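Participant: Structure below; questions to follow.
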Amino acid sequence: MAAALQVLPCLLRAPSRPLLWGPPVARMTSGMALAEQARQLFDSAVGAVQPGPMLQRTLSLDPSGRQLKVRDRTFQLRENLYLVGFGKAVLGMAAAAEELLAQHLVQGVISVPKGIQAAMEHAGKQEMLLKPHSRIQVFEGAEDNLPDRDALRAALTIQQLAEGLTADDLLLVLISGGGSALLPAPIPPVTLEEKQMLTKLLAARGATIQELNTIRKALSQLKGGGLAQAAYPAQVISLILSDVIGDPLEVIASGPTVASAHSVQDCLHILNHYGLRAALPRSVKTVLSRADSDPHGPHTCGHVLNVIIGSNSLALAEAQRQAEVLGYHAMVLSTAMQGDVKRVARFYGLLARVAAAHLTPSLAEHPLEEEAELHQLAAELQLPDLQLEEALEAVAKAKGPVCLLAGGEPTVQLQGSGKGGRNQELALHVGVELGRQPLGPIDVLFLSGGTDGQDGPTKVAGAWVMSDLVSQASADSLDIAISLANNDSYTFFCRFRGGTHLLHTGLTGTNVMDVHLLILHPQ
C-alpha cells in the first residue's frame, strides 16, 4: 500500500540554520504539504512522551548509588528492588529502568502487547529493548488489545511475585495504556472468557474507558488496588503513563495500585445503562453480590507512591511549540475530547467553518447560526478544559495560518462488521462535515491519530482529511455513507487516493490517547 506520509522529508530534521525566506508554512499550501506538516506535529507530540526519557527524568540515583530519588521521595536500595509492569509502553519503560537500576534489580515481570519486541527490533529501536540475559521476564499477549490466556499467565506471575515480597523490599510498578487488557486476573468463579465477553459488549455499545474500567476493577484480583494489596508490606513506587482523560489514577489501567472508590451500585448502574444486567453470567452476579459484604481492594495504599510521568497534555504542548516554530498561530483547545465520534466530528466541522469566517472576515459571511450551534454542542459534550472562546479570539487576531490542537479519546458505537478505529472513523466523519459547505479561500486539514501507532485492530495510527474529501471520493466511486454505516473506515482510506491519507507510524512505544490537529491555511 502506498504511504506517502512515510517518505516525505521532515522539515524539523533539516539543518539548524536560519530560514532565509520566512517560516516553511508560508511557502507550503498544497494538500500534501499541509499533510506533511501535520505529520511532523503528530510525530513531535509522540516524541514528547517516549517512555525512556520520561522515566529517566523521574528517577535518579544519588552519587553512592544506594538511594533512589523519585520526585521528592527517597528510597533505600540494597539489592532489594523488584519490578513489574503492564501496558503498551512498558517495554521501553522497563528498558530505561533496567539501564538505571540493574545493579539493584533482583527480579522483574512485564506484560506487553503481542509482537512488540520483534516490532521494536525490526524498527531499530534498541533503546526500547531489554538487555540480553535480563532479569526481567517478558510476557507478550492481549492481541488486538483484548485480554487472553497469555496475558492471564503474565498477570498471575506478577501476582505471585508481589505476594512474595517483604517489608524490606521495594516494588517498582510500570503502568501505561493498554494495561487493563494485559493484567487480567478475574475473581473466581468468573472466567477470562466471561469477563472478555462482557468487556466486548460494553465497548460495542459505546461505553467509555472509565465505565469499562469500573467493571473490570469489580471483577479483578489485581485492579482497583489489588496489586498494591498483594505487594504489602513492601514499599511500592508506581510510575504511570496516562492514557485517560484527566489522568485519574484510579482509572488508568483500572488502578492496580490505587484503592477503588467505585461501588457495586456504580457497576450495576453502568450495566443497566447499556441494557446488559439481565444478560450477566451467574459468575459475574456472584462476584458482584459478594462485593457488598466483602469490599475488594486494600483498606489503605499508604505504602504506595503513584507518579504520573507522561500525559496527553504534555504531548500537545510539544506539538503546539513545534507548530509555532513552523509559523502557525497554535493553541490547545482541549485534552479531554470525548463522546460519540459523530458528535465530535460535528464539533470540528462547525469549528472549522466558524474559525474560517473569523480568519477571513472580509471574504466570508459570519456564520452566526453555526457559531451558536458550535457553542451549544460544546456545552453538550461537557469538555472540562475546553478553550473555545479563547481559540476563536486568537483566530480572529491571527494574521496567518492557524493550528488548533486537541486530545482525548472519542468513542465509536459499532453497528457494522467493517475494519477501522476511532481515529480513522473520526477523520472520515470530519471529512464529510468539512464538505457540507464551502469554507472560502482557506485550506483546511484535519488529522486524528492514536499515539500508540495502532488505531483499533489496524496497523495504522489514524488518518487525515481535507474539505475536498467528499468530491474526491465520489470521483473515485467510493461511497462514504456505506463505509461509515459498516464501521469500515480503514477499507475506505486504503482505497482512497491509494491509501495516502492513512497515518503510518508503526508501534511508537508510548500511549497517551489520541491527538487531533485542525489546520487552517489562507490561500
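The values are calculated or read from the model by the stated rules, or taken from the named source; none is laboratory data. For clarity, every value in this text was computed on a predicted model and none was experimentally measured. Cβ placement follows ideal geometry from the backbone for every residue including glycine, while neighbour counts extend to all protein chains displayed. Heavy atoms of the whole protein, side chains included, go into the accessibility calculation; ligands, DNA and RNA do not. Shrake-Rupley method; radii C 1.70, N 1.55, O 1.52, S 1.80 Å.
Participant: Going by alpha carbons, how many degrees (0 to 90, nearest 10) lie between the helix axis of 282-293 and the longest principal axis of the chain?
Facilitator: 70 degrees
Participant: Taking the Cα atoms only, what angle lies between the long axis of helix 192-204 and the longest principal axis of the chain, rounded to 10 degrees?
Facilitator: 20 degrees
Participant: In a shell of Cβ-Cβ distance under 14 Å around TYR82, excluding TYR82 itself, what net charge do Lys and Arg (+1) and Asp and Glu (-1) give? Please list the in-between numbers first.
Facilitator: Working: positive: ARG78, ARG135; negative: GLU79, GLU98, GLU163, ASP168, ASP169.
The answer is -3.
Participant: Something else: Please give the per residue volume of the convex hull enclosing the alpha carbon atoms of segment 51-310, rounded to a whole number of Å³. Don't skip to the answer; put the middle values down first.
Facilitator: Working: hull volume 31.2 nm³, N = 260.
It is 120 Å³ per residue.
Participant: For segment 457-502 and segment 222-292, what is the centre-to-centre distance using only Cα atoms, to the nearest Å?
Facilitator: Value for the Cα centre distance between the two parts: 37 Å.
Participant: Follow-up. Taking the alpha-carbon distance from LYS285 and a cut-off under 13 Å, which aspartates and glutamates remain once sequence neighbours fewer than 8 residues away in the same chain are dropped?
Facilitator: The reachable aspartates and glutamates, counting only those whose Cα sits under 13 Å from LYS285, are GLU194.
Participant: On a 19 Å Cα-Cα criterion, which of the cross-link pairs LYS114/LYS217; LYS69/LYS223; LYS195/LYS223; LYS195/LYS217; LYS69/LYS131 come out too long?
Facilitator: Details: LYS114/LYS217 23 Å; LYS69/LYS223 26 Å; LYS195/LYS223 13 Å; LYS195/LYS217 11 Å; LYS69/LYS131 23 Å.
Going by Cα-Cα distance, LYS114/LYS217; LYS69/LYS223; LYS69/LYS131 fall outside the 19 Å limit.
Participant: Viscosity 1.567 mPa s, temperature 4 °C: Stokes-Einstein D of the chain from its Kirkwood Cα radius, in µm² per second? Write out the running numbers ahead of the final one.
Facilitator: Working: Rh = 24.0 Å.
Result for D is 54 µm²/s.
Participant: Working from Cα positions, state the angle (0 to 90°, nearest 10) between the long axis of helix 388-397 and the longest principal axis of the chain.
Facilitator: Computed tilt is about 40 degrees.
Participant: Still on this structure, I have one more. To the nearest Å, what is the center-to-center distance of segment 158-203 and segment 376-425, using C-alpha atoms only?
Facilitator: 33 Å
Participant: In square angstrom, what is the accessible area per residue of the chain with a 1.4 angstrom probe? Spell out each step's value before the answer.
Facilitator: Numbers: 21390 Å² over 523 residues.
Roughly 41 Å² per residue, with all protein chains present.
Participant: Leaving out ligands, DNA and RNA, what percent of the accessible area of the chain is carbon and sulfur, probe 1.4 Å? Intermediate results must be reported in sequence, preceding the final value.
Facilitator: Details: 10820 of 21390 Å².
Of all accessible area on the chain, carbon and sulfur atoms account for 51 percent.
Participant: Kindly work out what percent of the DSSP beta bridges joining two residues of the chain are antiparallel, to the nearest 5. Provide the component values of the computation, followed by the final result.
Facilitator: Numbers: 31 of 68 bridges.
Around 45 percent antiparallel, to the nearest 5.
Participant: Same structure again: Quick one: net charge around SER311, please, counting Lys, Arg +1 and Asp, Glu -1 for every other residue with C-beta under 10 Å from its C-beta.
Facilitator: Result for the neighbourhood of SER311: -2.
Participant: So if I take the centroid of the Cα atoms in segment 60-135 and the same for segment 426-453, what is the distance between those two points in Å?
Facilitator: Their Cα centres are 40 Å away from one another.
Participant: I've got another one for you. At 7 Å along Cα-to-Cβ for each site, give me the label-to-label distance between ALA317 and GLU121 in nm.
Facilitator: 3.7 nm
Participant: Which residue, SER60, GLN382, MET32, has the largest displacement toward the positive end of the dipole of the chain when charges sit on each Cβ (Lys, Arg +1; Asp, Glu -1)?
Facilitator: Towards the positive end, the residue furthest out is SER60.
Participant: What shape does segment 376-448 take by its C-alpha gyration tensor, where a ≥ b ≥ c are the square roots of the eigenvalues and a/c under 1.5 counts as rounded, a/b above b/c as prolate, and the rest as oblate? Intermediate values should be presented prior to the final figure.
Facilitator: Details: a/c = 2.29, a/b = 1.46, b/c = 1.57.
Oblate, since a/c reaches 1.5 and b/c is not below a/b.
Participant: Something else: Count the net charge of all other residues whose Cβ sits under 14 Å from the Cβ of PRO233, scoring Lys and Arg as +1 and Asp and Glu as -1.
Facilitator: Values: positive: none; negative: GLU163, ASP168, ASP169.
With Lys, Arg at +1 and Asp, Glu at -1, the neighbours total -3.
Participant: Follow-up question, since we're still on this one. Between rounded, prolate and oblate, where does segment 113-224 land on the alpha carbon gyration tensor, with a ≥ b ≥ c its root eigenvalues, rounded for a/c under 1.5, else prolate if a/b exceeds b/c? Kindly include the intermediate steps, with their values, before the conclusion.
Facilitator: On the way: a/c = 2.13, a/b = 1.28, b/c = 1.66.
Cα axes put segment 113-224 in the oblate bin.
Participant: Please report the base-10 log of the normalised intensity I(q)/I(0) for segment 405-523, using a Debye sum with one equal scatterer per alpha carbon and no solvent, at each q in 0.12, 0.15, 0.16, 0.23 (1/Å).
Facilitator: The Debye formula, applied to the Cα set alone, gives -0.40, -0.62, -0.71, -1.37.
Participant: Binned at 10 Å from 0, what are the whole-percent values of the Cα-Cα distance distribution for segment 313-522, short to long?
Facilitator: Going out from 0 Å in 10 Å bins, segment 313-522 shows 9, 37, 38, 16, 1 percent.
Participant: Give the shape of segment 313-418 as rounded, prolate or oblate, defined through the alpha-carbon gyration tensor: a ≥ b ≥ c are the square roots of its eigenvalues, a/c under 1.5 means rounded, and otherwise the shape is prolate if a/b is larger than b/c and oblate if not. Before the final figure, lay out each step's value.
Facilitator: On the way: a/c = 1.94, a/b = 1.24, b/c = 1.57.
Oblate.
Participant: Here's a follow-up. Quick one: compute the contact order of segment 313-522, relative version, from alpha carbon pairs under 8 angstrom and 6+ residues apart, as a percent. Intermediate values should be presented prior to the final figure.
Facilitator: Details: 433 pairs, mean separation 55.4, N = 210.
Answer for segment 313-522 is 26 percent.
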